[in-house]
Amino acid sequence: NPRYYQGLIEYREGAPTMPTTEPRNFKWVNDVELCALSGNPPLPVDRQIELTIGGSLFTTGQILDVINNITYAQPKIPTLHSALSLSSPLHMNESLYGPQTHAIVLRHLESVELTVNSPNNLPHPMHLHGHAFQIIEYGSLANRSEPVRRFSPECNAPMQRDTIVVPVNSYVKLRFRADNPGVWLFHCHMDIHFGMGMALTFVEAPDVLRQRQQ
């Protein structure tokens, strides 16, 4: 499970060795239980997006990674260039950014809830560019009887991160507001999985982006 760790890094040669045993009074804390310093309450949900991450064996014999059965590939025309050059309302059409770009167009200031499912035996650190999302919930895909871990109702301020580890055979729910017009990747931060296609592109408010560039 994702946890908060603390420790000491010592660079001095000959420094005394720290004990390797875990102190009995040390309390492990799941990151979803921490409170954001900002104190921001959970965002309302305007739009829900469900994603399933994993790997697939293709007819070519290749094993590639996917999000919702799409393997990301870099487009011939940069996505940012397309967002700025497509005429209105074409810039809101996800298909025009290329099928392997896996573009999801977001409206300006809408609150998005991502549910990321990982029915895999390997954890994946998923990273979002351009935003710090709220960690709302973790849950098991393999055992629905396991308790769901949610943000603390005591502080009502979900922890904010730009990277989250999706545990083995589990899901996470994340929320962010589309208040930063641009083109932002959402991908696995393990380079091999990113390179194998575990990524998608959020094309955020291209209409507002174009207005700001004029």
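The values are calculated or read from the model by the stated rules, or taken from the named source; none is laboratory data. Only a predicted model underlies this, so the values are computations on that prediction, with no experimental measurement involved. Cβ: placed from backbone, ideal geometry, glycine included. Neighbour counts: every protein chain shown. Accessible surface areas use protein heavy atoms only, side chains included; no ligands, DNA or RNA. Shrake-Rupley method; radii C 1.70, N 1.55, O 1.52, S 1.80 Å.
Counting residues in region 27-80 as N, plug N into 2.2 N^0.38 Å and put the Cα Rg over that result.
Numbers: Rg = 18.6 Å, N = 54, 2.2 N^0.38 = 10.0 Å.
Taking N as the residue count of region 27-80, the ratio is 1.85.
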How much length is gained if the chain between N68 and Q214 is pulled fully straight, taking 0.36 nm per residue apart and subtracting their Cα-Cα distance, in nm to one decimal?
49.0 nm
Distance in nm between label sites at T59 and N30, each 7 Å beyond Cα in the beta-carbon direction?
4.3
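Please give the peptides 179-185, 121-127, 56-62, 68-74 ranked by average Cβ packing (other Cβ atoms within 10 Å per residue), highest first, as a rough proxy for protection.
Details: 179-185: 18.6, 121-127: 17.0, 56-62: 8.7, 68-74: 14.9.
Put in order of decreasing packing, that is 179-185, 121-127, 68-74, 56-62.
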Along the principal axes of its C-alpha atoms, what lengths does region 99-214 span, in descending order and rounded to whole Å?
53, 39, 19
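Compute the accessible area per residue over the chain, keeping the other protein chains in place, probe 1.4 Å, unit Å². Display every interim value, and only then the final one.
Values: 12480 Å² over 214 residues.
Per-residue accessible area for the chain comes out at 58 Å².
How many percent of the accessible area of region 21-172 is carbon or sulfur, using a 1.4 Å probe?
Working: 4540 of 8420 Å².
Ligands and nucleic acids excluded, carbon and sulfur give 54 percent.
Give me the Kirkwood hydrodynamic radius of the chain in Å, from all C-alpha pairs, to one decimal place?
Values: mean 1/r = 0.0522 Å⁻¹.
The answer is 19.1 Å.
Say R0 is 25 Å: what FRET efficiency, to the nearest 0.05, do L84 and N40 get from their beta-carbon distance?
Details: r = 31 Å, r/R0 = 1.23.
E(calc), rounded to 0.05, equals 0.25.
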Computed [θ] at 222 nm, helices only, for the chain once each DSSP H run of length n ≥ 4 contributes -39500 (n - 2.57):
-2500 deg cm²/dmol
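Between R144 and M92, what FRET efficiency follows from the Cβ-Cβ distance if R0 is 45 Å, with the result rounded to 0.05?
Values: r = 37 Å, r/R0 = 0.82.
So the FRET efficiency works out to roughly 0.75.
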Given all pairs of distinct Cα atoms, region 28-127 yields a Kirkwood Rh in Å of 16.7
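What longest region of the chain stays clear of trypsin sites (Lys or Arg not before Pro) that DSSP places outside H, G, I, E and B and that have at most 13 other Cβ atoms within 10 Å?
Numbers: sites that count: R12, R24, K27, K76, R144.
It works out to 145-214.
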